[in-house]
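Just so you know, all these numbers are worked out from the coordinates, no wet-lab data involved. Computed from a predicted structure; not experimentally measured. Note: ideal-geometry Cβ built from the backbone for every residue, glycine included; neighbour counts use all protein chains shown.
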Amino acid sequence: MNTEKSILAKALNIAIFSSAIAATVTLTGCSEEQSLSENKAVQTVEQSTKLVRQASESLNASYAEMRAKQVNNVSYNLTVNIDNKSESFSGVSTLNFELQKNNIQDLTIDFDEGSVSSLLVNGKPAEFSYEKWFITVPASELSSGKNVIEVAYDRPYATDGSGLHRFVDPENGEVYLYTDFEPYDANRLFPHFDQPDLKATYALNVNAPSHWQIISATRETSVKEDGETKHWVFPASAKFSSYVFSLHAGNYAVWEDSFEDIPLRLFARQSLAEYVNTDEWFTPTKQSFAFFNKYFDVRYPFVKYDQIVAPDFNAGAMENVAAVTFNEGYIARGEKSTQAKMSLANVIAHEMAHMWFGDLVTMRWWNGLWLNESFATYMANLAVAQASDFENTWDVFYSGTKQWAYRSDDSVNTHAIELPVASTGEALSNFDGITYGKGASVLKQLPYYLGEENFRVGVSNYLKKFSYKNTDLDDFIGELGKAANKDMQQWTQDWLYNAGLNTIKVNYQCNENKISQFAITQSAPADYPTLREQRVQIGLYNINADALSLTSATPIMYKGANTEIKAVIGKTCPDLVYPNEADWGYVKVDLDDKSLNAVQKHINAIDNTTMRLMLWQSLSDSVNDANLSAEEFVNFAIANIAQEQDFNVVRKIASSLTSALGYLTTATRLEQKDYSPLYREVETLYLSLLQNAEAGSDLQKFWYSRYVSVSKTSKHLATLENILLGKVSFDGLMIDQDKRWTLIAKMNRYQYGDYQALLITEQAKDNSDTGVKNAIYAEVLRPEAENKAKWFTVVVDNPEKLKLSTLRYIMWGLFPSEQEALALPYKAKILAHIPKLNEGSDLSLLESFTSNLLPAKCTVESEQELAELITAYSKMKPQALKSVKAAHQEVGRCIKALKLLQ
């Protein structure tokens, strides 16, 4: 999965039992030999006490471990009946499996909140119970060896983007269905054993409206028409985990192509078809296939490759076997920037990498999810860097994915890359910057540490050895170690089992303009004291004429608290030292005083764009760490941003400037100091940069979006209104429908001009799904008490059963930072509603509500309230607790940043 999508080999060694259901399990030997890295050997199990499954929307690791020994050799025959009128679907799930000998455990079958009309065991009606989240078949109804269970069922379609999601296109009334299962939602489509280490094959029959396309993991072998219905038959698939099985249906537009002998198809809603640029999809798809087939030395294993652009999709994309789903945000209704095209190419490569790493070879349990996502993230960037037409891939990785990792690792919610995951609910909360960003950054180190070819060979051997199987971390690390002939034990312990972000700083002396002493000191946070070993480059820069240029880049290995570096002794005394040249390492850099002085005087004279990017990041980190005042940074950025022309560096400066401006705006609102003149200076600067940008360039598109984002004073809101009305334009810049909605939102947020009429007019022009959501968002933003009351009630009670994707738009717009007074009456209501959501089973809604609406202000009082809330929420689900902890930390950082302004 790509997301902003994350969730390790020790979890299954930890028995996590409910206090109410203590159980004793004694293993007494193996009934047959199997690969160590497949499901553990089928074992004869004698149990003195039955293990009663805990009633929960999640699956516990301990129970999944037991069930993986209870059943094996699983296959499914599925029939699903779907239409474009009902709000529910029906089906028959036939589970074929072998049951262990001497089993006395009842068998549970995962099935979320549907209804079961009948259940047959080996062809006969059988006793069973259904507990809302799973079906229980008594052990007495089963036989040792082969069993067949047939479950007839029905279930409502999902409206939260998980399971089998139903979407009605507001433009034409067409119904579209798609599935999204990770980590534990496949049981919202059909009853089965929904855990990654019970891999299975899937034969599928679908009855659907005759004008629909039906897409799954294989291509259909027959389609028979029966009046207004068609019967689709899909043959048994390869063996894989159920979370990457899929079923997508609807009147999708389809485009076809091929890569060598692999058929390629692309699907999108009919109402979006006119905006689909197939070259943006098929070109990176073909480039990625060529790269991965060669790099892995394992041919793509799943025959065909479909890509489906799905409405209401929660993540960026999902790696369903041979039927990948993508967020509709990757289809633009206007002209795309190079950055947007590159982002699409990256996510295409990311999901394709999963076909090997995640689908072909799969983690045993969700503690291993990080390796799937980290590997796909790293490999996607490698593929784009080496096999596409895009440039500066690793600069984009550094400023995006790696900073996500650094922020996550520097947060109160950091965790080790590899850690136990007690349940699928806990796994869902681990889709974060550690799982994706830090894991990928650590993997990016390994080719430098082991050697590029050794790393590639290790990966290839791993995929060949464990195809169609489940693995643990030791399997992967073992193959890398063998390929490089290197003991990976300490590296694994330091980097994967210990959390925290290290900082390095250089200490050096020069004599007669030559380096005479040089050392790297390494530090770690008190809570995460691990000091690590890694390979980096020491970059030495010297002023030459008008440029500050790299004079040498020396690869070195450092470890421990202090490492003497002899390789640079005798080199010319530098004006700037950067001990992570070219971003080889995963580490924070604290610049020495001389280097910091050089940066402040000569940052635009540095002729290395990657170096400028990293130095701007260091300055931004200093603001966040309260080592540099936000005011100083804003003034420094204003003085230097116009001279910068590299797109990635400009993006970094502007995003950091936005963060720093946030502190200044808060200080103004709290009447600490009035920074309004400085804010207006930034508005004017951004307009100037937009006006002077090259027509049609990426920088023009970028400065337009930044100008719109920052504008809030009357003078600049007037300019935005004139852009919307066509009175102001910029050569080469098209104000497409999505840009118009951004302007409408601004008018309504600040109640500027005839904002109500503008919204009504725009609604009439755009009745698309995106238009409907943006119209709601614009109205929600209005700073009116009655308006807030109306939409808060919608979020809490949802009387019209709005989809989660729509509810998120409402939550995003309810209480912008400048509307604190309007938010105050809802504080108690929000805090009362969070425990209610916590008691429910909708983890996505719980996370969205707490992360978007939790009351937090940049005051000592708010910091104390949040600290007390952490204690009060300590037993809540991680989706709630993590949001509170993050808010508490951000308030603390804000307070420290504001102290520097006094």
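Some points to look at:
- Alpha carbon centroid spacing (whole Å) that separates the range 603-654 from the range 314-341: 30
- Placing a pseudo-label 7 Å from each Cα along the Cα-to-Cβ vector at Ser705 and Asn722 gives an inter-label distance of 2.5 nm.
- Scattering from the range 556-690 was approximated by placing one identical point on each alpha carbon and applying the Debye formula without solvent; log10 I(q)/I(0) at 0.10, 0.15, 0.17, 0.22 1/Å stands at -0.40, -0.80, -0.97, -1.43.
- Summary of packing: across the peptides 54-61, 137-144, the per-residue average of other C-beta atoms within 10 Å ranks them, highest first, as 54-61, 137-144.
- With each label modelled as a point 7 angstrom along the Cα→C-beta vector, the Lys101-Glu784 pair spans 7.6 nm.
- Projection of the Cα convex hull of the range 492-634, averaged over all directions and equal to a quarter of that hull's surface, yields 8.9 nm².
- For Lys773, the aspartates and glutamates whose Cα comes closer than 19 Å to its Cα, not counting residues fewer than 8 places off in the same chain, are Asp160, Asp169, Glu171, Glu174, Asp312, Glu328, Asp736, Asp738, Glu762, Asp797, Glu800.
- Taken over the Cα atoms of the range 51-178, the convex hull encloses 112 Å³ per residue.
- Under 5 Å, built H, 5+ apart or other chain: amide partners of Trp584: Gln537
- Restraint check, Lys69/Lys199; Lys801/Lys882; Lys790/Lys829, Cα-Cα greater than 20 Å: Lys801/Lys882
- Close amide H contacts of Thr551 (hydrogens built in the peptide plane, cut-off under 5 Å, sequence separation of 5 or more or a different chain): Leu540, Tyr541, Asn542.
- Across the range 432-545, the fraction of Cα-Cα pairs farther apart than 19 Å, rounded to a whole number, is 60%.
- In the range 828-902, the ratio of gyration radius to Kirkwood radius, Rg to Rh, stands at 1.02 when only Cα atoms are counted.
- Across the range 481-545, C-alpha contacts under 8 Å between residues 6 or more apart give a mean separation that, scaled by the residue count, equals a relative contact order of 28 percent.
- Estimated Rh, the chain: Kirkwood, alpha-carbon pairs, angstrom: 29.4
- Euclidean distance of C-alpha centroids, the range 824-852 and the range 721-794, integer Å: 27
- Summary of packing: across the peptides 518-528, 873-883, the per-residue average of other C-beta atoms within 10 Å ranks them, highest first, as 873-883, 518-528.
- Between the beta carbons of Val772 and Leu531, assuming R0 = 30 Å, the FRET efficiency works out to 0.05 to the nearest 0.05.
- For the range 771-847, the list of trypsin sites (Lys or Arg not before Pro) that fall in a loop by DSSP and count at most 12 other C-beta atoms within 10 angstrom reads Lys801.
- Contact order normalised by residue count of the range 567-669, Cα under 8 Å, 6+ apart, percent: 22
- Once C-alpha pairs closer than 8 Å and six or more residues apart are averaged by separation and normalised to the residue number of the range 329-392, the relative contact order reads 37 percent.
- Computed over every Cα-Cα pair of the range 479-576 and binned at 5 Å starting from 0, the pair-distance distribution P(r) comes out as 2, 11, 18, 18, 16, 13, 10, 7, 3, 1, 0 percent.
- Each residue of the range 117-125 was assigned a 3J(HN,Hα) from its phi angle through the Karplus curve 6.51 cos²θ - 1.76 cosθ + 1.60 (θ = phi - 60°); the sequence is 8, 7, 9, 10, 10, 6, x, 10, x Hz, with glycine and proline shown as x.
- FRET efficiency for the pair Asp226 and Glu260, taken as 1/(1 + (r/R0)^6) with r the Cβ-Cβ distance and R0 = 22 Å, rounds to 0.05.
- Restricting the calculation to Cα atoms, the range 132-262 shows an Rg/Rh of 1.00 when the hydrodynamic-style radius is the Kirkwood one.
- The range 699-780 has equivalent-ellipsoid semi-axes of 19, 15, 11 Å, by the square roots of 5 times the alpha carbon gyration tensor eigenvalues, sorted largest first.
- Pair-distance profile P(r), taking every C-alpha pair of the range 737-848, with 10 angstrom steps and integer %: 13, 44, 32, 10, 0
- Whole-Hz ³J(HN,Hα) from phi, Karplus 6.51 cos²θ - 1.76 cosθ + 1.60, for the range 439-454, glycine and proline x: x, 5, 5, 5, 4, 4, 5, 4, x, 6, 6, 9, x, 4, 6, 4
- Restricting the calculation to Cα atoms, the range 123-167 yields a radius of gyration followed by a Dmax of 14.6, 43 Å.
- Working note: Cα atoms of the range 212-353, range along each principal axis, descending, whole Å: 47, 39, 27.
- Distant-in-sequence amide H partners of Tyr558 (H built 1.01 Å from N, under 5 Å): Gln534, Val536
- In sequence order, the range 843-860 has phi-based couplings of 5, 5, 5, 4, 5, 5, 5, 5, 6, 9, 10, 4, x, 8, 10, 7, 9, 4 Hz under the Karplus curve 6.51 cos²θ - 1.76 cosθ + 1.60, θ = phi - 60°, and Gly or Pro positions carry x.
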